[in-house]
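Trainee: The structure's right below; bear with me while I get my questions together.
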Amino acid sequence: MTLQQIATVALLMGMFTTCALERFRVELAAPGGLGIAVLSGLVPFSHVFVGFANSTVITAIEILPVVSVLPRTRAVDAFAGAIGASVHCAESSAAARRSSARALAGLPRCRHKAARLA
């Protein structure tokens, strides 16, 4: 491997580690990695923003805000509650995880129990 390849792999591993440790958001780690690549000479300055014209990158950038806002809408909770009510709140491993998350959020496990509480 050449020195440039080793530096690229090291940079990618560093970015992966940064994302895995969750000390910085992915939205900050990716441009930071690009900045390091430009400053170290791994990516020529004239090619910095060429990848942003790719439709895959544009789609990924569009999905990030949707995914971050979706939990705040509680649309997924309503959908999960409808599924839970249709199976009479059976406790499977997925339902147990969902009820643990609801317990942390202070929400009832299913609609039937919420109706009894009211």
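Trainee: Which one of the conditions (1) surrounded by 12 or more Cβ atoms within 10 Å (Cβ to Cβ); (2) more than 29 Å from SER68 (Cα to Cα) does LEU39 fail to meet, given that it meets all the rest?
Mentor: Condition not satisfied by LEU39: (1).
Trainee: Is there any pair linking a residue in region 54-72 that is in the same structural domain as VAL26 (by TED's automatic domain parsing) and modelled with pLDDT under 85 to one that is of a type in the set (D, E, K, R) and surrounded by fewer than 10 Cβ atoms within 10 Å (Cβ to Cβ), with Cβ under 7 Å and at least six apart or on different chains, and which?
Mentor: none
Trainee: ALA20: surrounded by 12 or more Cβ atoms within 10 Å (Cβ to Cβ) and assigned to a helix (DSSP H, G or I), yes or no?
Mentor: no
The values are calculated or read from the model by the stated rules, or taken from the named source; none is laboratory data. Predicted model, so just to flag it, every value in this text is computed and none were measured. Virtual Cβ from ideal backbone geometry, glycine too; neighbours counted across all protein chains shown.
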